[in-house]
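**Student:** Have a look at this one.
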Amino acid sequence: MQQFDTIALMLKKNRAGYTLPRELYVGEEAYRFDTEVMLRSVWLFAGTVAHAKAPGDWFVFELGNNQVIIVRGRDNQIRAFYNSCRHRGARVCEAASGNSPRLICPYHAWTYGLDGKLLAARNMPDGFDKADHGLVPVALENVGGLLFVCLADNPPPFGRAKQDIAEQIAIYNLDKLKVAVQDDLIEPANWKLVMENNRECYHCDQNHPELLKSLSTYGFGKGLPEDGADDVVDDAAFDAMLAAQRQHWMDLGIFHELVEFPEENGQTGFHRVARLPLANGAVSQTLDGKSASRMAIWPHGLDEQSSLSVWTQPNSWHHFCNDHVVTFSLTPLGPDKTLLRTSWLVHEDAVEGVDYDPAHLTAVWRATNAQDSYLSAVNHRGITSDGYRQGPYSVEEKLVDAFKTFYVDASARALG
Ligand code: FES
Ligand code: FE
């Protein structure tokens, strides 16, 4: 890895509890390292089963110079392949998503099945074997409906995250959901800053009035202004509230201990899973706390006042409500350019304009994403300054440190 000498040097300057050296946040070499080495060595969230709902549905996930086609086969299996034709290498799928019975290369019409096998190639010489020229597969894991891909030749084991996540999100039936709205937001900041921003709510008070409304003070929230009952209470009352919540969740059979980026085989944790109470009076993460869709997506109806959240390293987070799911995937497009893809999922039978209003469904996270995009951009621009020094994390930024540590460890491993 001769060409990444600066990166190796900068990784050595990592300090526990402090931000990374400047060169790892800004600059061309870090971007190349991240997209060509680090992010190719780990599992990345690419989309959900709802993004490839019917046989023949496909969408493209992009990382640096690599595009991956994620496609549902006739057997309902979802598979992933490099988007590069085995003839002379053209991109087989040029759009961002689509549905087709076969994947046909636009150049000379080599034709692939949804399972990646080469089905047709005209006028090839004797001895040419179609079986040797299928699309190159990419590792894919379907974790309870969340799809993760890994571009490494030997992907790391998925480990306990698979069960921890799948077990808790199973009740939300991702197979029965559809994508109601998808937003692609390009943020003018390095992807690691967008991730760090997601991992703390130290900035929420000053910046996220919409997000805080439906969240309980347990966690990060402020409560709905109407109810007043969620205002900060004394410790004893707070503990009593938590104990009651816990018992209620046990009664429903949805209680699980917090999963907090558990270390595995000496490696930094990959996932966090937490059920959080919503604000008093709120049943969904919306501006008014009311349901975003009239159709419940889980077995416990529309009145439950909690939501489940899943965070994974290094590129995703997800919120599961009674009536909808929001998923976020993040990919770098340049040293200071990041694609944040937000998808809102509702019940497959919910009808737009009847059961849900897209504006109501998306209002909280559209506002929050715009605010976070601004904050990440401000962060990025400040780091380019010669006055930048590695700065200390607050006690509210432990999960930022967890992300940074995952990044540093995975980078060091990938560099060998
Ligand atoms: Fe795809 Fe020729 S490059 S058919
Ligand atoms: Fe934020």
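The values are calculated or read from the model by the stated rules, or taken from the named source; none is laboratory data. The model shown is predicted, which means the values in this text are computed figures rather than measured ones. Counting neighbours? That spans all protein chains shown, and the Cβs are built from the backbone with ideal geometry, glycine included.
**Student:** Just checking, how many residues over the stretch 124-172 are buried (at least 17 other Cβ atoms within 10 Å of the Cβ) and on the phi > 0 side of the Ramachandran plot?
**Tutor:** 2
So that you can scan it fast, the table gives a plain yes or no per residue for (1) buried (at least 19 other Cβ atoms within 10 Å of the Cβ); (2) in contact with a Gly (Cβ under 8 Å, 6 or more places away or on another chain):
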{"position": "F4", "(1), (2)": "yes, no"}
{"position": "L9", "(1), (2)": "no, no"}
{"position": "K13", "(1), (2)": "no, no"}
{"position": "Y18", "(1), (2)": "no, yes"}
{"position": "P21", "(1), (2)": "yes, no"}
{"position": "L24", "(1), (2)": "yes, no"}
{"position": "A30", "(1), (2)": "yes, no"}
{"position": "E36", "(1), (2)": "no, yes"}
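**Student:** V364: crowded, with 22+ Cβ neighbours inside 10 Å and within 19 Å of the chain's Cα centre (by Cα), yes or no? Quick ask: steps written out before the conclusion?
**Tutor:** Numbers: crowded, with 22+ Cβ neighbours inside 10 Å: yes; within 19 Å of the chain's Cα centre (by Cα): yes.
So V364 fits the description; yes.
**Student:** What are the pairs with Cβ atoms under 9 angstrom where one residue, in the stretch 103-119, is touching a residue at least 12 places away in the same chain (Cβ under 8 Å) and farther than 16 Å from D129 by Cα and the other, located anywhere, is of a type in the set (A, V, I, L, M) and assigned to a strand (DSSP E or B)? Sequence gap at least six, or different chains.
**Tutor:** Cβ pairs passing all conditions: L103/I69; L103/V71; I104/A120; A109/A120; L114/V71; L114/L103; D115/V71.
**Student:** Just give me the residues in the stretch 182-217 being at pLDDT 95 or above, of a type in the set (S, T, N, Q) and assigned to a helix (DSSP H, G or I), in sequence order. Please lay out each step first, then the result.
**Tutor:** So in the stretch 182-217, the residues at pLDDT 95 or above come out as 182-199.
Now restrict to residues that are of a type in the set (S, T, N, Q): 182, 190, 197-198.
Matches in the stretch 182-217: N197, N198.
**Student:** Going through L276, L287, L308, L302 one at a time, which residue ends up being within 27 Å of M195 (Cβ to Cβ) and more than 22 Å from the chain's Cα centre (by Cα)? Working first, answer last.
**Tutor:** Values: L276 fails: more than 22 Å from the chain's Cα centre (by Cα); L308 fails: more than 22 Å from the chain's Cα centre (by Cα); L302 fails: within 27 Å of M195 (Cβ to Cβ).
On inspection, the qualifying residue turns out to be L287.
**Student:** Still on this structure, please answer the following. For the stretch 92-145, name all the residues that are part of a strand (DSSP E or B), of a type in the set (D, E) and within 13 Å of ligand 1 (Cβ to nearest atom).
**Tutor:** none
**Student:** If you don't mind, another one. Among G98, G64, which is under 20 Å from L140 (Cα atoms) and in contact with a Lys or Arg (Cβ under 9 Å, 6 or more places away or on another chain)?
**Tutor:** That would be G64, the only listed residue that is under 20 Å from L140 (Cα atoms) and in contact with a Lys or Arg (Cβ under 9 Å, 6 or more places away or on another chain).
**Student:** Now, a different point. Scan the stretch 370-416 for residues that are more than 24 Å from the chain's Cα centre (by Cα), in a helix (DSSP H, G or I) and within 24 Å of K12 (Cβ to Cβ) and jot them down. Before the answer, list the steps.
**Tutor:** Applying the first criterion (more than 24 Å from the chain's Cα centre (by Cα)) to the stretch 370-416 yields 381-392, 394-395, 415-416.
Of the ones still in play, those that are also in a helix (DSSP H, G or I) are 381-383, 395, 415.
Scanning the stretch 370-416 gives G382, I383, L415.
**Student:** Would you check which residues across the stretch 287-310 are outside any strand (DSSP E or B) and closer than 23 Å to G145 by Cα and list them?
**Tutor:** Going through the stretch 287-310, the residues outside any strand (DSSP E or B) turn out to be 287-292, 294-305.
Within the stretch 287-310, S291, A292, R294, M295, A296, I297, W298, P299, H300, G301, L302, E304 meet the criteria.
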